[in-house]
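**Student:** Please see the structure below; I have some questions.
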Amino acid sequence: GKISVRSPGAVHLVGRAIGTRFRGVRGLGRMLRLLHHPDRRQQSWMETVAESIPAGPKYHLSTRWYTEWTTWFYGTQDLDIHRWILGHARPEWIAFDIGMNFGFFACVLAQRCAAVHGFEPVPWLAKRAGENARLNNFTNLFIAEVALSDRPGRAYLNLPSEKDANWGTSSLVHRSGEDAASLEITTDTLDSYVRSEERRVGKECRS
């Protein structure tokens with residue numbers, strides 16, 4: 001049938017209210033999947049803009065992708081990491097988000113730190129992260145469309161299957177399935193990146 005792209009309805013709003021209130025309760029994920037299942041995104045999904053919880057940045061969210069489904073229904077991508085950032089990040093920090101996906105944690109860090117450098121080799125995810133940075137007017141978030149590795153160069157990134165809702169599973173080592181594609185990408189080391197960005201990173205350290 002025809003794919004339906006829709007803004008939040010009553011079911012989505014109730015699900016978000018329950019998910020953000022009862023995060024961590026056993027069986028909650030199964031119940032939320034009954035309301036709106038991320039792995040059945042080819043049938044229907046939701047597009048919206050919403051804030052992370054608590055006191056977070058805003059994001060473009062599409063529940064056809066698992067990480068964004070999680071952010072809508074739980075208000076966060078990973079509660080433990082989110083809490084750690086909220087409790088420990090400092091205004092003078094320069095932070096690195098390696099494998100930033102759609103930029104959830106990069107934006108949380110950019111809200112609290114002097115600068116954030118995010119690394120995402122999948123072009124459409126890097127673009128998505130950039131859209132979220134602009135949505136929040138973060139001028140201190142810099143995105144590199146590369147994969148960090150043990151050496152600079154080129155490599156083939158194994159992508160998830162087209163049917164897979166979780167695009168956080170791309171790998172330089174493992175393949176997701178027989179129908180999964182690969183993408184030639186640029187690799188870099190963190191040391192090499194910092195040297196190439198030394199003037200800007202040094203300025204951030206002094207400011």
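The values are calculated or read from the model by the stated rules, or taken from the named source; none is laboratory data. All of these numbers come straight from a predicted model, not from anything done at the bench. Please note: Cβ atoms are built from the backbone with ideal geometry, for glycine as well, and neighbour counts cover all protein chains shown. Surface accessibility is based on the protein's heavy atoms, side chains included, excluding ligands, DNA and RNA. Shrake-Rupley method; radii C 1.70, N 1.55, O 1.52, S 1.80 Å.
**Student:** Which order do the peptides 131-138, 120-127 come out in when sorted by mean C-beta neighbours inside 10 angstrom, highest first?
**Tutor:** Most protected by this proxy first, the peptides run 120-127, 131-138.
**Student:** Shifting gears a bit: How much of the accessible area of segment 29-83, in percent, comes from carbon and sulfur atoms when a 1.4 Å probe is used? Don't skip to the answer; put the middle values down first.
**Tutor:** Details: 1250 of 2520 Å².
The computed percentage sits at 50.
**Student:** For THR20 and THR189, FRET efficiency with R0 = 41 Å and r from the beta-carbon atoms, rounded to 0.05?
**Tutor:** Values: r = 39 Å, r/R0 = 0.94.
About 0.60, to the nearest 0.05.
**Student:** Moving to a separate point now. Sort LEU79, LEU34 by accessible area with a 1.4 Å probe, largest first.
**Tutor:** Details: LEU79 40, LEU34 150 Å².
The ordering from most to least exposed comes out as LEU34, LEU79.
**Student:** Another question about this same structure. Sorted by accessible area (1.4 Å probe), largest first, how do ASP188, ASP78, ASP39, ASP150 line up?
**Tutor:** Final ranking, largest accessible area leading: ASP150, ASP39, ASP78, ASP188.
**Student:** Separate question: Rolling a 1.4 angstrom probe over the protein heavy atoms, how many square angstrom per residue are accessible across segment 88-148?
**Tutor:** Accessible area per residue: 39 Å².
**Student:** Please arrange MET31, MET46 by accessible surface area, largest first, computed with a 1.4 Å probe and ligands excluded.
**Tutor:** MET31, MET46
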